[in-house]
1. Name the residues in the stretch 95-110 that are free of Cβ contacts under 8 Å to residues at least 24 places away in the same chain and either in contact with a strand residue (DSSP E or B) (Cβ under 6 Å, 6 or more places away or on another chain) or open to solvent by less than 70 Å² (accessible area, probe 1.4 Å) (or both), would you?
2. Does L62 qualify as being in contact (Cβ under 8 Å) with a residue 24 or more places away in the chain, out of contact with any strand residue (DSSP E or B) (no Cβ under 7 Å at 6 or more places or on another chain) and either more than 27 Å from Y111 (Cα to Cα) or open to solvent by 70 Å² or more (accessible area, probe 1.4 Å) (or both)?
3. Which count do you get for residues in the stretch 1-42 that are in a helix (DSSP H, G or I) and open to solvent by less than 90 Å² (accessible area, probe 1.4 Å)?
4. Which of the residues spanning the stretch 45-79 are at pLDDT 90 or above and either part of a loop (DSSP other than H, G, I, E, B) or of a type in the set (S, T, N, Q) (or both)?
5. Can you go through K76, K92, K47 and tell me which one is of a type in the set (D, E, K, R), touching a Phe, Trp or Tyr at 6+ places or on another chain (Cβ under 9 Å) and open to solvent by 50 Å² or more (accessible area, probe 1.4 Å)?
6. Among the numbered criteria (1) touching a strand residue (DSSP E or B) at 6+ places or on another chain (Cβ under 9 Å); (2) more than 21 Å from Y111 (Cβ to Cβ), which single criterion is violated by T43?
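The values are calculated or read from the model by the stated rules, or taken from the named source; none is laboratory data. Values in this document were obtained by computation on a predicted structure and should not be read as measured data. Backbone-built Cβ (ideal geometry, glycine too); neighbour counts: all protein chains shown. To get the accessible areas, we keep the full protein, side chains included, count just its heavy atoms, and leave off ligands, DNA and RNA. Shrake-Rupley method; radii C 1.70, N 1.55, O 1.52, S 1.80 Å.
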Amino acid sequence: QFASKYPKIINSWKLKLDPKFPDGESSKMVTNRINKFIKFYITSKKKTNYLVFTHNVILRCLLGKILNIKKNEWFKININYYDILEFKLEKKKLISNINRDKFLSIFKNFY
C-alpha cells in the first residue's frame, strides 16, 4: 500500500536518497534532533542518567550514527517493539551497551 501511495519515496530510496515522509521527517532531520540531544547530554554540567522513550526510527538513526553505518542502510537495523537499548557516555562519546544476542538480532539483516 505504501509503495502505491508514495512511489516517489520508494524511488528516492532506490536512488539512495533521504526523502521526507509526508507530514514527517527525513533521516537527516531526525539525526539533527538526535545530535542536539547528544550535544546537550555531553555538555551538561549535571551528570545524570536519562531514561528516554522513543520509537524505532530514532533508535535506528542513533545506532546508525554512532556505529558509522551508511545512512542508506539504516532501514536494515531491526529494532523490535519494546526493545530496551542502553547507551552510555565514555570520553565524551555516546556508545551502545548492547549485549551480543541483542546485537545479533538487531543487525541480522547485515549478514
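1. N97, I98, K102, L104
2. Answer is no for this residue.
3. Final tally of qualifying residues: 18.
4. If the condition is that a residue be at pLDDT 90 or above and either part of a loop (DSSP other than H, G, I, E, B) or of a type in the set (S, T, N, Q) (or both), then L67, N68, I69, K70, I77, N78, I79 are the ones that fit.
5. Testing whether each residue is of a type in the set (D, E, K, R), touching a Phe, Trp or Tyr at 6+ places or on another chain (Cβ under 9 Å) and open to solvent by 50 Å² or more (accessible area, probe 1.4 Å) leaves just K76.
6. It fails just one condition, (1).
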